[in-house]
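Bear in mind that the values in this text are calculations on the coordinates, not laboratory data. Keep in mind that what you see is a predicted model, and the values were worked out from it rather than measured. With ideal geometry, Cβ positions are generated from the backbone for all residues, glycine too; neighbour counts draw on all protein chains shown.
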Amino acid sequence: MRRSFCFFLLGLAFSWAGCATTYPGGKPPTFGAGFVGLASFSEMSVFMGQELWGTIQGQPRAGANQRIDIVYSLPASDVVVEVRDREGRLLAESKASFFLSGARDESAWFAPIEPPVGPFQLYVRGKSSDGQPFRQGVRTSFVGQHIQIKLPPGLGRHPDGGSVDSKVELRNDGPDDRFEIVVEAQGAPLTTPGKQVVEIAHGQTYTHPFTLVLPASTSEQLEYARVKVGVRSLSTPVLVTSATTSFAI
């Protein structure tokens, strides 16, 4: 049995009405063949003037500039990704774009998405190769995180090596919280502490400086030193995110 409720929004220039449906256990009905074999989130960043999509390690960040990548077990068309809350109410949906076909009849898709703050679930609907409709859920539940990592792009090249001062900014769009910050470097050592616990109030930004000691270049080809920043909420350990930037040597 499903339950529906309606709400109305009235204004001076317009009126709008909408209905939302909840489902027992928060699970809308699924039907059709196939299943969602993989779902991952990516976030857009800019590196050396180019837009790049980097896979998010941990839970997705709430807000724009996110992408969901899915692999469906069968060929499909007219694929749409549904974002639903824990009660099964539809929050948003996004038309997916076809990416490629796999070796076992799988089809890969990606779609823009704006994860909400808090728990949510994903469903995928579309048509199978024989034209039959389907809707299948992603087995994993998600939590839209409210911490945003901003790393400066590693612009310019540093062929002579030496110390490079940089910083990471953390913005908290959720409630006041304590966060563990871990900064790791690959290809060059850090001269600043790699782990720290800080308190960040709602709407505030914390700046964490770090210094990277780059080696001198030994090749005419570009080499890179990479810095990865991981952040974990101490009150809600499921809220984990990370970001990576690179410095050219």
(request) Can you tell me the FRET efficiency between LEU234 and THR205 if r is taken as the Cβ-Cβ distance and R0 is 25 Å, rounded to the nearest 0.05? (result) 0.85
(request) Sticking with the crude label model, points 7 Å out along Cα→Cβ, report the distance from THR140 to ASP78 in nm, one decimal please. (result) 2.9
(request) Would you mind computing, in nm to one decimal, how far apart the modelled labels at LEU90 and ASP165 are, each placed 7 Å from Cα along Cα→Cβ? (result) 5.4
(message) I want the local charge near PRO209. Using Cβ-Cβ distances under 12 Å, sum +1 for each Lys or Arg and -1 for each Asp or Glu among the other residues.
(response) -1
(message) Which of PHE99, PHE134, PHE35 has the fewest other C-beta atoms within 10 Å, and how do the rest follow up to the most?
(response) PHE99, PHE35, PHE134
(message) Net charge around VAL124, counting only other residues with Cβ within less than 12 Å of its Cβ (Lys, Arg = +1; Asp, Glu = -1)?
(response) +2
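How would you rank HIS146, HIS202, HIS208, going from fewest to most other Cβ atoms within 10 Å of each one's own Cβ?
In increasing order of surrounding Cβ atoms, one gets HIS202, HIS208, HIS146.
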(request) Any lysines with Cα under 30 Å of the LYS127 Cα? List them, leaving off those in the same chain fewer than 8 positions away. (result) LYS27, LYS95
(request) Based on other C-beta atoms within 10 Å, arrange TYR206, TYR224, TYR123, TYR72 from fewest to most. (result) TYR224, TYR206, TYR123, TYR72
(request) Please give the contour-minus-distance gain from ASP130 to GLN196: 0.36 nm per residue of separation, less the Cα-Cα distance, rounded to one decimal in nm. (result) 18.3 nm
(message) Between PHE99 and ALA216, what is the label-point separation in nm under the 7 Å Cα-to-beta-carbon projection?
(response) 4.3
